[in-house]
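Here's the structure we're looking at; comments come further down.
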Amino acid sequence: MHKDQDASPFQRETLALIGRLVPLSGSAFFLVNPDMQHGGALLYNLAPNAERAYRTEYGALDPLNPERFADSDETVVTLDSRMAPHFLRQTLYYQEFMVPHNHRYVADMFFRREGRIIAGLTVLREASMGDFLPEELALLRKVQPFIEFSLNASYLPQRDRERKGMAAKYALTDRELDVLECVLRGSGNKEIASQLSLGLATVKTHLHHIFRKTGAGRRSELIAKLMSDLNR
C-alpha cells in the first residue's frame, strides 16, 4: 500500500541494482494484477504519463505484455526477440508509444508466485545505446531468481500485512483496499477507474465509503492518516 513517492526500499533498491548491472535509459518495476494488467509501478527516469498511457491505451499492443507470457516459464525477454525490427517499426505501439517516449530497446523480467506472473521489471534503452548483449541478458537471468525470492519472501508479505491491517482497523472491503492503494499512489478518480476496470460512479461510491469508514474529510487527510498508520 505504498505511495509511489514513498515506495518500498525493495522496489527502489531493485531498480538501483538493475541500473548497476546493465546500462539503461529508464526502468520500471510494476505489479501485475490477477487480470494480468499493470498494477502500481515505480518509475526511474520515465515520465508518469508514460505509465498512464501504457495502462489505458497501449498495454494491449505490447509484444511483451505479461498476459502473453502467462503460460510460459520465460524469465527475461527482449522486444526484438519477439518481433523483427522492420515489423516493429510499422506498429502503432512503436510509432505512437515508443517513439514519443524515446524508447527503442526493451527487456522485461517476469516474477512469479506459484506459476502466476505477479510482477515485472522493464529495462529501456534509447536507440543510441544499442540492443542488449547476450552477456547482459545472461546477467539479468542470473539475478532474476534472487529478486523473485525477495519479492515473495519480503515485499508482498508486507503488502498483504498492510492490507489486512487496514481492513481490520477500518472494516474495508477488498475492492475498497484496491481503490485505497490507487489513492496512495496519487491516482485521480478517472485513473482509478481505468486501473481497476470500474465505472467512475463506482469509484466515487467506494471513495465515499472509505472516507466514511476512516473518518477522513478529504483526500489529503485520508493519505496523511493512512501513511501515519503504515509508518507505526
Query raised in the report: Out of all the residues in segment 168-200, which are of a type in the set (A, V, I, L, M, F, W, C) and either within 17 Å of residue 54 (Cβ to Cβ) or part of a loop (DSSP other than H, G, I, E, B) (or both)?
Result: 171, 172, 182, 192, 193, 196, 198
Query - Wholly within segment 14-132, strands (runs of 3 or more DSSP E) carrying at least 1 residues that are among the polar types (S, T, N, Q) and assigned by TED's automatic domain parsing to the domain that holds residue 147 - result: 26-32, 76-78, 116-125
Query raised in the report: Here are some residues: 135, 176, 148. Which one is crowded, with 18+ Cβ neighbours inside 10 Å and in the same structural domain as residue 111 (by TED's automatic domain parsing)?
Result: 148
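Hey, could you check segment 216-232 for residues that are farther than 24 Å from residue 52 by Cβ and surrounded by 13 or more Cβ atoms within 10 Å (Cβ to Cβ) and say which is modelled with the lowest pLDDT? Walk me through how you get there before you give the answer.
Here is the first cut: in segment 216-232, the residues farther than 24 Å from residue 52 by Cβ are 216-217, 221, 224-225, 228-232.
In the following step, the residues that additionally are surrounded by 13 or more Cβ atoms within 10 Å (Cβ to Cβ) were identified as 216, 221, 225, 229-230.
Working: 216: 90, 221: 91, 225: 87, 229: 79, 230: 75.
By that ranking, first place goes to 230.
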Query - Filter result (more than 17 Å from residue 193 (Cβ to Cβ) and either buried (at least 17 other Cβ atoms within 10 Å of the Cβ) or touching a residue at least 12 places away in the same chain (Cβ under 8 Å) (or both)) within segment 203-215 - result: 213, 214
Query - One residue from 193, 167, 171, 224 being more than 24 Å from residue 31 (Cα to Cα) and either assigned by TED's automatic domain parsing to the domain that holds residue 9 or of a type in the set (A, V, I, L, M, F, W, C) (or both) - result: 171
Query raised in the report: Given 96, 191, which one is of a type in the set (Asp, Glu) and surrounded by fewer than 16 Cβ atoms within 10 Å (Cβ to Cβ)?
Result: 96
Query raised in the report: Could you say which residue among 37, 90 is out of contact with any strand residue (DSSP E or B) (no Cβ under 6 Å at 6 or more places or on another chain) and at pLDDT below 90?
Result: 37
**Report entry** Selected residue (criterion: nearest to residue 54 (Cα to Cα)) from residues of segment 103-132 that are surrounded by 16 or more Cβ atoms within 10 Å (Cβ to Cβ) and of a type in the set (Ser, Thr, Tyr)
**Finding:** 122
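The values are calculated or read from the model by the stated rules, or taken from the named source; none is laboratory data. Computed from a prediction, not measured in an experiment: that's the story for all the values here. Cβ sites come from the backbone with ideal geometry, for glycine too, and all protein chains shown count toward neighbours.
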